[in-house]
Structures are given as C-alpha cells and as structure tokens.
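Below is one structure, written out as structure tokens, with a few remarks after it.
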Amino acid sequence: MEKEKNAVVIYTRYERFWHWSQALLIFILAFSGFVIHGTFNVIDFETAVTIHTYSAILLLLLWLFTTFWNFTTDNWKQFVPRIQGLPAVLRYYAWDMLFGKPHPHHKTMQRKQNALQGLAYLTFMVVIGPALWISGIIYLTYDLWNVMEGSQSLFQAVTFFHTAAAFMMMAFAFIHIYMTTTGKTPFHYIKTMITGVENIELTQAEKAYFSEQHPKILRNKE
Ligand code: HEM
C-alpha cells in the first residue's frame, strides 16, 4: 500500500489536556507526598496534607474520566501489548541510537507508540497507578477503620505500599522525561505533546478519509 508522510494531529485536544494535567498533578503529589513522608520540609506538614488530598481527588477524577474516554473512543487499543517490534526497539535504545541510526518504529494512527513505550504506559496504568490510588484511598479513609483491631499493622502496610508505589512513579517519571529528549531534537516529542502534530505515514485511503471526514486533523505544515 502506498504511503507518504503527512503532518497530522495525532494527539487530540483532550489527550493533551489529560497528559499535561496528569503530569502537573503527579508532580504536586510527589512534592507534597515526600514532605508528608519527611524527606524534605519546604512547606509545613498540615499544608502538605491539604495539597496532597485535594490534588489526589483531582487526579482520581481525571483518571476516572480518562478511563471512560479511553474505552468510548477505542483509544485503549493503543495500549494492547505486543512483542512484534519489541526486540528492534530495545536494540535501538541500548545501542543503535548512540550511532545515529533511525528509530525502528514508524508511528501510525493505529500505533502511535512503539512496543516498549506501549508496555511502559500499560505498566503505568495497570500497576503503578492502581497501586497508588488503592493504597491512597485506604490511607485517605484512615479515620473510618483506625478503631478496627490490627489497624496499626494495616496502617504501616498501607504507608509502606503507598511510598513504594510513589518511588515507582518517580522512576517512571524520570525515565519518561529522559526518553522524551531522544527524538530528532531534545524538544521534538515535547513539542508534539503540546501541539499534537507529528509527521507520520498515512495510506492514501486514510488521507482521503481524513480529508473528507476530519479535515482539521491534516496539517500541511508542522
Ligand atoms: C492518586 C491517588 C492518591 C491518593 C488518594 C493519595 C493519598 C494519600 C494520603 C491520604 C496520604 C497521607 C496523608 C496524611 O498523612 O494524612 C498520602 C501520603 C503520601 N503520598 Fe499519596 N496519594 C495519591 C497519589 C500519590 C502520588 C501520585 C504520589 C507520588 C508520586 C504520592 C506520594 C505520597 C507519599 C510519598 C506520601 C507519604 C507516605 C508516608 O510516608 O506516610 N501519592 N497519599
């Protein structure tokens, strides 16, 4: 099938809003969370708890709505894991990238992410995120169960689990930010997540469909 590169809006307005608001909330939660934990005390404990609680509620609402959005728009299909292409991507990041070789994954509308990226985001959504929100909600409802027998052991387990998940989230964030700098230029991927526009290959059929049904998606110039 004949394909050619086109500047296309690959990330919708909602996707970009969701991405950046999630990033901001996670940053605020990490900052206030580690103040609560006692890692640093730039702000007082009470303020940190208030900030953490309100941002956690906002993030829970955002995750809830985005899960709904992912399923109603079929976007969830982007995250279905696959092995195809994974060895080439691993080889690229471990070795080929250092010698200026081209990226083995070519973005398409069906697969915006490479196989490794897909696995990383899936881990974020099904392991790290749930570990934080499940332990976070149990933590949040402490006043409801603290009279229960064995509540102190449960409390210790919950704080341990929540902090461990927070470290996993931080590891994810650092690796994720590093990966964003490995595009054509250090800011290429960041710019794409702001504007939504990327140069990708479209089949003639896709191009005809977008021109007819969604002309705003096609951008002649980036
Ligand atoms: C999304 C749902 C989340 C909920 C419902 C939640 C809830 C909570 C609650 C209730 C506390 C205890 C506050 C207090 O002492 O009264 C807490 C502590 C904490 N949170 Fe979260 N949180 C969430 C997400 C996050 C995220 C994304 C991070 C970091 C990336 C994080 C890191 C921490 C840390 C490090 C602590 C201190 C743990 C300790 O030492 O006791 N939380 N969280």
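Observations
- Probe 1.4 Å - accessible area at Met179, Å² to nearest ten: 50
- Computed over protein heavy atoms with a 1.4 Å probe, the carbon and sulfur contribution to the accessible area of the stretch 63-222 reaches 69%.
- Where Rh is the Kirkwood radius over Cα pairs, Rg/Rh for the stretch 145-222: 1.35
- Accessible surface of Glu212, taken over heavy atoms with a 1.4 Å probe and every protein chain present, rounds to 140 Å².
- Contact order relative to length of the stretch 131-222, as percent, for alpha carbon pairs under 8 angstrom and 6 or more apart: 19
- For the stretch 3-219, the convex hull spanned by the alpha carbon atoms encloses 155 Å³ per residue.
- Annotation note: trypsin sites (Lys or Arg not before Pro) in the stretch 92-184 located in DSSP loop regions with a Cβ neighbour count of at most 15 within 10 Å are Lys184.
- From helices alone, the chain scores -20000 deg cm²/dmol at 222 nm; the rule is -39500 (n - 2.57) for each run of n ≥ 4 DSSP H residues, then divide by the residue total.
- Accessible area (Å², per residue) of the chain, counting only protein heavy atoms and a probe of 1.4 Å: 64
- Straight-line cross-link partners of Lys184 among the aspartates and glutamates, defined as a Cα under 18 Å from its Cα and at least 8 positions apart when in the same chain: Asp96, Glu198, Glu201, Glu222.
- When the stretch 81-222 is described by a simple charge dipole with +1 on each Lys and Arg Cβ and -1 on each Asp and Glu Cβ, the residue from Ile138, Leu119, Pro186 located farthest towards its positive end is Pro186.
- The stretch 1-23 and the stretch 100-149 have Cα centres separated by 20 Å.
- Applying both filters, DSSP loop and at most 11 other Cβ atoms within 10 Å, to the trypsin sites (Lys or Arg not before Pro) of the stretch 51-91 gives Arg82.
- For the residue pairs Lys101/Lys207; Lys101/Lys216; Lys3/Lys216; Lys77/Lys101, the C-alpha atoms sit more than 24 angstrom apart in Lys101/Lys207; Lys101/Lys216; Lys77/Lys101.
- Using a probe of 1.4 Å on the protein chains alone, the accessible area found for Leu140 is around 90 Å².
The values are calculated or read from the model by the stated rules, or taken from the named source; none is laboratory data. The model shown is predicted, which means the values in this text are computed figures rather than measured ones. When we count neighbours, we look across all protein chains shown, and the Cβ atoms used for this are built from the backbone with ideal geometry, even at glycine. These accessible areas exclude ligands, DNA and RNA; they are computed on the full protein's heavy atoms, side chains included. Shrake-Rupley method; radii C 1.70, N 1.55, O 1.52, S 1.80 Å.
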